[in-house]
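> Okay, here's the structure, questions in a sec.
The numbers here are math on the coordinates, done by the rules we state, and not lab data. Predicted model only: the values in this text are computed from it and were never measured. Neighbour counts are summed over all protein chains in view; Cβ atoms, including those assigned to glycine, are modelled from backbone coordinates with ideal geometry.
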Amino acid sequence: MNHQSIFNPTLLAGKKALIIGVANERSLAWAIAKQLHAAGAELAFNFLGDALERRVRPLAESVNAALIEPCDVASDEQIDQFFSKVSAKWGKIDFLIHSVAFANREDLEGRFVNTSREGFKLAMDISAYSLVACAKRAEPLMAPGSSILTLTYHGSQVVVPNYNVMGVAKAALEASMRYLAYDLGEKKIRVNAISAGPVKTLAAAGIRNFRGMLHAVGEKTPLKENITADEVGAMAAFLCTDAAAHVTGSTFYLDSGAHIMG
Ligand code: NAD
Ligand code: 0WE
């Protein structure tokens with residue numbers, strides 16, 4: 001499959017990118033995968049469960065994926081097995097894309113004060129700790145100049161009604177990104193986050209008043225337009241190139257300027 005790219009098709013030739021978090025063709029991780037592929041990188045993917053395997057496998061095959069294997073980031077054992085397979089196949093990773101979040105549906109509506117201990121733990125485990133767990137396994141496979149990226153949302157910094165426990169988890173994710181940037185900096189591995197505005201993906205489906213949020217971005221932000229998944233892909237690809245060689249520990253907003261509004 002051919003995808004348009006602002007990048008030279010050999011810019012990332014020989015680079016290996018591990019993409020965690022494709023669910024379907026709308027996934028932000030898929031938009032990132034397309035851009036990295038268009039710039040010449042080789043890709044590997046995980047999937048979560050049999051239902052998503054049926055969605056992910058054809059997409060991954062369309063970009064000649066080197067590896068398509070299960071990995072539930074709630075399980076250290078599955079993460080270990082996944083990274084063992086990647087290590088056996090490639091022996092190195094240049095880019096790790098972490099594009100995973102989960103909270104119980106009931107914790108994404110109503111009052112945050114009602115969040116259960118289990119719901120809080122689950123959101124933190126899948127949405128924040130998983131970055132640390134993956135970075136730990138990626139580090140020994142990464143050469144100097146490698147790059148780790150995660151996806152976040154501004155509900156980590158300010159109250160976005162209903163984002164609730166995910167806002168707390170994203171705050172932990174962003175702080176984890178910074179501490180990882182410090183630790184892995186000594187190996188010249190960079191760690192950054194992209195804070196995206198709302199995009200209609202599977203993770204957005206069924207979120208109460210998501211359409212209202214898309215509408216608000218179209219009305220109230222400086223640019224008065226919604227962002228696209230492909231733009232997330234382009235920013236991610238830039239952050240993987242040597243043009244960003246000294247960029248680490250930062251959260252980059254791709255939100256039509258929503259985050260500057262009072
Ligand atoms: P998506 O549903 O396509 O992707 C979320 C992914 O998380 C899915 O592939 C799902 O399988 C995976 N996942 C959930 N639990 C998992 C587990 N236990 N193990 C392994 N994988 C698991 O939706 P998306 O919008 O592309 O979300 C990707 C990232 O982007 C998330 O971190 C999300 O918070 C972030 N984000 C999304 C938006 C938006 O509006 N869509 C905005 C800003 C940030
Ligand atoms: O990070 C997200 C959503 C992540 C997410 C989505 C779901 C839906 C299905 C995590 N867990 C679940 N659990 C499910 O059962 N976003 C940035 C998108 C999003 O979600 C919101 C938002 C925005 C933006 C929820 C409330 C308010 C705003």
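> Using helices alone, what [θ] at 222 nm do you get for the chain, with -39,500 (n - 2.57) per DSSP H run of 4 or more residues, divided over all residues and rounded to the nearest 500? Intermediate values should be presented prior to the final figure.
Numbers: 8 runs with 102 residues, N = 262.
Roughly -12500 deg cm²/dmol at 222 nm, from the helical runs in the chain.
> Give me the one-decimal nm value for the distance between modelled label points at Arg117 and His215, 7 Å along each residue's Cα-to-Cβ direction.
It works out to 4.1 nm between the two label points.
> Show me the helices of the chain, taken as full DSSP H stretches, that run 24 Å or more along their long axis by Cα and average -0.5 or above in Kyte-Doolittle hydropathy.
Length and hydropathy pass: 164-185.
> Let me ask another. Mind checking the dipole of region 45-96: about its Cα centre, +1 per Lys or Arg Cβ, -1 per Asp or Glu Cβ, Debye to the nearest 20? Spell out each step's value before the answer.
On the way: 6 positive and 9 negative charges, 55 e Å.
Roughly 260 debye for region 45-96.
> Right, next: How do Met235, Met261 line up, fewest other C-beta atoms within 10 Å first? Intermediate results must be reported in sequence, preceding the final value.
Numbers: Met235 21, Met261 12.
The fewest-first ordering by Cβ neighbours comes to Met261, Met235.
> Checking the table Lys136/Lys224; Lys121/Lys224; Lys15/Lys220; Lys187/Lys224; Lys121/Lys200 against a 30 Å threshold on Cα-Cα, which pairs fail?
Values: Lys136/Lys224 39 Å; Lys121/Lys224 36 Å; Lys15/Lys220 40 Å; Lys187/Lys224 41 Å; Lys121/Lys200 26 Å.
Beyond 30 Å: Lys136/Lys224; Lys121/Lys224; Lys15/Lys220; Lys187/Lys224.
> Would you compute the Debye intensity of region 150-262 from its alpha-carbon atoms alone, equal scatterers and no solvent, and pass along log10 I(q)/I(0) at q = 0.10, 0.11, 0.15 Å⁻¹ to two decimals?
-0.31, -0.38, -0.69
> Let me ask something additional. I need to check one value: relative contact order of the chain, counting alpha carbon pairs closer than 8 Å and at least 6 residues apart, in percent.
Values: 510 pairs, mean separation 50.3, N = 262.
Rounded, it is 19 percent for the chain.
> Report the equivalent ellipsoid semi-axes for the chain in whole Å, largest first, defined as the square roots of five times the eigenvalues of the gyration tensor built from alpha carbon atoms.
On the way: eigenvalues 147, 87, 68 Å².
In descending order the semi-axes read 27, 21, 18 Å.
> Next up: Run through region 77-128 and list the trypsin sites (Lys or Arg not before Pro) located in a DSSP loop whose Cβ has at most 16 other Cβ atoms within 10 Å.
Values: sites: Lys85, Lys89, Lys92, Arg105, Arg111, Arg117, Lys121; in loops: Lys92, Arg111.
Loop-located and lightly packed - Lys92, Arg111.
> Projected onto the charge dipole of region 15-106 (+1 at Lys/Arg Cβ, -1 at Asp/Glu Cβ, origin at the Cα centre), which of Leu36, Ile20, Ser87 gives the Cα projection farthest towards the positive end?
Projecting each Cα onto the dipole axis, the largest value belongs to Leu36.
> Between Asp72 and Glu225, what length in nm is gained on full extension when 0.36 nm per residue of separation is reduced by their alpha carbon distance?
Numbers: separation 153, 0.36 × 153 = 55.08 nm, distance 3.45 nm.
Value of the extension gain: 51.6 nm.
> Distance between the C-alpha centers of region 34-85 and region 206-242? Whole Å please.
24 Å
> Once you place label points 7 Å from the Cα toward the Cβ at Ile260 and Glu61, how far apart are they in nm?
Placing both labels 7 Å beyond Cα along the Cβ direction yields 4.7 nm.
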